[in-house]
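K.L.:
Okay, here's the structure, questions in a sec.
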Amino acid sequence: MRLGIDLGTTFSAGAYVNAAGEPEIIINKEGGRLMPSVVFFEGDNRVIVGETAKENSILYPDRVISTVKNYMGKKIEFPISNGKSYTPEEISAFILRKLVNDASEYIGQEIEGVVITIPAYFTDAQRKATEDAAKIAGLHLLAMINEPTAAAIYYAHKLHLSGKGNVMVYDLGGGTFDVTVLHMDQGDIVVKSTHGLANVGGKFFDQDIVDYVCDYFMEKYGIDLEGEEYLEEYQELFLKAENCKIQLSSKNCASIVLKVGRIKENITITREFFEEKVKKFYSRSEISVKKAMRDAGLTFDDLDKIILVGSSSKIPYIAQQLQILTGKQPSKEVNPDEAVALGAALYANMLGGGQASIIDVCSHSIGIVVIDNLQNKQKVNHILISHNSPLPCEIEQTFYTMVNNQKAIELSVTEGEFKELSDVTILFTSVIDLPEGLPATTEVKIKLALDKNQLLHVYLEIPAVHLSKEYTIKRDANMDDEELNRLMGLIADYEIN
């Protein structure tokens, strides 16, 4: 049995295709369809994932880790009160393992492979971190698929789409935002463009409410709720802020009742206040929407459907503003919370089955560092694979040595859309020693290739001396092979519930 997994910032979900050929959400051991992406270290080797972990964030904030998705691809560790530290990949592995364990029990079969969804705008390092998390969890990763693409697959399946149409997927979750424009034709899906923003979404809206309440207590009582002595109240406030946000999707106002010592306050949050906070984000997302449409070569009149995906897309203000912008009412035909996991399950079922084809695009441009002779021989970024190129893809270009008897070549691969090196990410650098006696202008062929998971492969060839190399990228932001191999064996030592 294959499992589709929506590995979310605030909630995660699993789904599979049942005997009737329909995708179905896994009901976890706690009876829920969605599982909070929260990990609680109850003991040295006992981990609790999900709703119970979230509830323990108030009592044991120094043993609970949440919203780890926003840290994927970063070289950091989360310290726990038991003296241990965990990487984002390890925390994600616990979440993945819990989802798979619950799915196996629910279905009554072993899970033979998984498809994991990721934000379309994830970088190379973030994609590699997700792949590593699956390895640490001991899972057979069949593929990774962009979240908006997965949602489109489910949308096409649910509505039995057999014609042609252009669809925009507006995906706003707990901590990430993507907008993707795609074309559907007889069930085939061709992604035309994608754009996105980092560190935006529901948890940041929660933070706005928390900040408001903290300012209220400071101004009225001189109490700093962010101080260590109020850690329990501060953690509780986050849970209440999240509930308040949810209520404001259907009510004009909601209350937060907070007790601090002998003080008990009932603070009203209005929808007007909340929408002012959401407005700051939406204005930025609208720029991404316009860029995605431009890159797809379409106008809003060309769109047949707008699909809202992600828990935060249910905020009424979002749908209202999108309708004003596009002239089209966003569809409510799919569940924004579940569409991604259900689409991932369908995609897992498609793999190797010769069914509908999916063509996605790369999220970021990939290039190399070159010497620009027109700019005083400064180093600049030279793009080989452009943003929104169809996947898989590979581009080869020929470059030349600069001087006679050049001793070495420095090959630096970049990620980003800009020419200035300060505005892009250097993915890796390698120095290649050259044979003696090479003349200037000796051909050096560089080939960059992206597979369907947007993982990068780099090749170098110097035909004159029959030199060829293929590079395994060692990303500074990710685990090295030794660390990854060590962790792959450790997860078996943990009891995960």
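K.L.:
Applying the selection to the stretch 81-97, what residues are more than 19 Å from the chain's Cα centre (by Cα) and surrounded by 18 or more Cβ atoms within 10 Å (Cβ to Cβ)?
P.N.:
So the first thing to find is which residues in the stretch 81-97 are more than 19 Å from the chain's Cα centre (by Cα), and the list is 81-86.
Passing the criteria: only 86.
K.L.:
I've got another one for you. Could you please find all residues in the stretch 266-301 being over 14 Å from residue 194 (Cβ atoms), surrounded by 14 or more Cβ atoms within 10 Å (Cβ to Cβ) and not hydroxyl-bearing (Ser, Thr, Tyr)?
P.N.:
Answer for the stretch 266-301, where residues must be over 14 Å from residue 194 (Cβ atoms), surrounded by 14 or more Cβ atoms within 10 Å (Cβ to Cβ) and not hydroxyl-bearing (Ser, Thr, Tyr): 267, 269, 271, 273, 274, 275, 277, 278, 281, 286, 300.
K.L.:
Every residue in the stretch 252-296 that is β-branched (Val, Ile, Thr) and outside any helix (DSSP H, G or I), please.
P.N.:
256, 257, 260, 263, 267, 268, 269, 270
K.L.:
Now for a different question. Looking only at the stretch 29-61, which residues are assigned to a strand (DSSP E or B), under 17 Å from residue 81 (Cα atoms) and of a type outside the set (A, V, I, L, M)?
P.N.:
40, 41, 42, 43, 46
K.L.:
Inside the stretch 122-167, can you point out the residues that are in contact with a strand residue (DSSP E or B) (Cβ under 7 Å, 6 or more places away or on another chain), part of a loop (DSSP other than H, G, I, E, B), under 30 Å from residue 331 (Cα atoms) and not β-branched (Val, Ile, Thr)?
P.N.:
161
K.L.:
Which of (1) among the β-branched types (Val, Ile, Thr); (2) in contact (Cβ under 8 Å) with a residue 60 or more places away in the chain; (3) not assigned by TED's automatic domain parsing to the domain that holds residue 115 does residue 380 not meet, given it meets every other one?
P.N.:
Of (1) among the β-branched types (Val, Ile, Thr); (2) in contact (Cβ under 8 Å) with a residue 60 or more places away in the chain; (3) not assigned by TED's automatic domain parsing to the domain that holds residue 115, only one is false for residue 380: (2).
K.L.:
Here's another thing I want to ask about it. Of all strands (runs of 3 or more DSSP E) completely enclosed by the stretch 387-497, which ones contain at least 2 residues that are in contact with a Leu (Cβ under 9 Å, 6 or more places away or on another chain) and of a type in the set (Gly, Ala, Ser)?
P.N.:
Those strands (runs of 3 or more DSSP E) span 408-415.
K.L.:
Going by what's in this entry, would residue 135 be described as surrounded by fewer than 22 Cβ atoms within 10 Å (Cβ to Cβ) and modelled with pLDDT of 90 or more?
P.N.:
yes
K.L.:
Taking the stretch 3-28, which residues are surrounded by 16 or more Cβ atoms within 10 Å (Cβ to Cβ) and not in a strand (DSSP E or B)?
P.N.:
7, 8, 9, 10, 26, 28
K.L.:
Right, another one. May I ask you to list the residues in the stretch 391-422 that are in contact (Cβ under 8 Å) with a residue 40 or more places away in the chain and exposed (fewer than 13 other Cβ atoms within 10 Å of the Cβ)?
P.N.:
396, 398, 400, 410, 420 - these are the residues of the stretch 391-422 that are in contact (Cβ under 8 Å) with a residue 40 or more places away in the chain and exposed (fewer than 13 other Cβ atoms within 10 Å of the Cβ).
K.L.:
Follow-up. Name the residue, out of 495, 443, that is surrounded by fewer than 12 Cβ atoms within 10 Å (Cβ to Cβ) and either more than 23 Å from the chain's Cα centre (by Cα) or among the hydroxyl-bearing types (Ser, Thr, Tyr) (or both).
P.N.:
495
K.L.:
Against the definition (under 28 Å from residue 179 (Cβ atoms), crowded, with 17+ Cβ neighbours inside 10 Å and assigned by TED's automatic domain parsing to the domain that holds residue 348), how does residue 41 come out, yes or no? Let's see the steps before the verdict.
P.N.:
Values: under 28 Å from residue 179 (Cβ atoms): no; crowded, with 17+ Cβ neighbours inside 10 Å: yes; assigned by TED's automatic domain parsing to the domain that holds residue 348: yes.
The answer is no for residue 41.
K.L.:
List, please: which pairs have Cβ atoms under 6 Å, are six or more places apart or on different chains, and start with a residue in the stretch 62-74 that is within 14 Å of residue 176 (Cβ to Cβ) and end with one that is surrounded by fewer than 20 Cβ atoms within 10 Å (Cβ to Cβ) and of a type in the set (Ser, Thr, Tyr)?
P.N.:
none
K.L.:
A further question on this structure: Check whether at least one residue in the stretch 183-196 is surrounded by fewer than 18 Cβ atoms within 10 Å (Cβ to Cβ) and either free of Cβ contacts under 8 Å to residues at least 12 places away in the same chain or in contact with a helix residue (DSSP H, G or I) (Cβ under 7 Å, 6 or more places away or on another chain) (or both), and report yes or no.
P.N.:
Yes, the stretch 183-196 has at least one match.
K.L.:
Okay, moving on. Taking the options 369, 361, name whichever one is within 25 Å of residue 2 (Cβ to Cβ) and either outside the structural domain of residue 149 (by TED's automatic domain parsing) or not basic (Lys, Arg) (or both).
P.N.:
After applying the criteria, what remains is 361.
The values are calculated or read from the model by the stated rules, or taken from the named source; none is laboratory data. Note that this is a predicted model, so its numbers are computed, not measured. Positions of Cβ are backbone-derived with ideal geometry, glycine not excepted, and every protein chain shown enters the neighbour counts.
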